[in-house]
Amino acid sequence: MSPRTLAALDAARAAGVHLVLVTGRRYPAARRVADRIGGRLDLVLHNGALIFENGEVLRRRPLPRETAGRAVRLGRERRADPVVHCGPGGEGRLLVEGIEPSNTLLVYYLDKSHPDVLVVPDLEAALEEDPLQVMFGGGIPEMTALLAHLCAGLGDSARIERTLYPDAGVGILDVLEPSVGKGEALSFLQERWGVSAAQTLAVGDNWNDHEMLVQAGLGLVMGNADPDLRALGFPVLPTNDEDGVAIAVERHVLGRG
């Protein structure tokens, strides 16, 4: 995060703007980013399944255990490695049975996530509470095939968000409670805070952001975004390495040209 981006966010907060980090990530990972930004920063996590306001849990929408177990079984049918995200208070626990060493994406992800990873002998038996989500990760062809398999097997009992990184050739699938979504979470906060769509700016870079960009009065896409998101026709900012977020805030919030 560049000094220019941090300065722009500080100036927006000083002007009375609500700053919200909206992400598919879990609380411990998002908290590290929020701490670098500093000040009050509300959090929409797990694509909207968990919302923090001023440091406290405001809303939870967990995935029913029965649906989570079915997602785990469906993933195994395609030889995918399920990761169950637990902890309704943001504890960020990750349950796994084990990951194939060839799945380098998840091996890397879990290595970064210690000490929150718990290896269990039976993932379904370990589901003692409704989790926040079930996650799968791997190559884009494998995740594309798994997405179709999960949709057919889960139907309306779950929402499945996809996040693809074409340059790296990897993708992530998040199985969530059906009503969960970044756009719905933004609508919830707009109503709670009395903020209209016209007063809302949203910036995104992947497909799981598209409903949020529609819900905002002004939705902007990063220059390094998923090509499918860029193809929707939202205005495109410079890339993250070119201070795209800072430019969006300076221009559209602070009125600096």
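Quick note: the coordinates plus some simple rules give every number you see, no bench work behind them. As the structure is a prediction and not an experimental result, all values here were calculated from the model. Here the Cβ positions follow ideal geometry from the backbone for every residue, glycine too, while neighbour counts run over all protein chains shown.
The table that follows gives values for the structure above.
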quantity: Ordering of 212-225, 171-184 by burial proxy (mean other Cβ atoms within 10 Å per residue, highest first); calculated: 171-184, 212-225
quantity: Within segment 65-176, percent of DSSP bridges classed antiparallel, to nearest 5; calculated: 85
quantity: Computed lengthening from Leu118 to Arg79, 0.36 nm per intervening residue step minus Cα-Cα distance; calculated: 12.0 nm
quantity: Computed over segment 65-176: relative contact order in percent, which uses C-alpha pairs under 8 Å that are six or more apart; calculated: 31
quantity: ³J(HN,Hα), Karplus 6.51/-1.76/1.60, whole Hz, each residue of segment 203-218, x for Gly, Pro; calculated: 10, x, 9, 8, 4, 5, 9, 5, 5, 5, 5, 6, 5, 6, x, 9
quantity: The chain: relative contact order in percent, alpha carbon pairs under 8 Å with at least 6 residues between; calculated: 16
quantity: Of all DSSP beta bridges in the chain, antiparallel share, percent nearest 5; calculated: 70
quantity: Surrounding net charge for Asp42, when Lys and Arg each add one and Asp and Glu each subtract one, Cβ distance under 13 Å; calculated: +3
quantity: Within the chain, helix-based [θ] at 222 nm, where runs of 4 or more DSSP H residues each add -39,500 (n - 2.57), nearest 500; calculated: -10500 deg cm²/dmol
quantity: Rough spin-label spacing in nm, given labels placed 7 Å along Cα→Cβ, for Ser157 and Asp228; calculated: 2.4
quantity: Shape call, segment 65-176: gyration tensor on alpha carbons, a/c limit 1.5; calculated: oblate
quantity: Per-peptide average of other Cβ atoms within 10 Å, ordering 48-61, 156-169 highest first; calculated: 48-61, 156-169
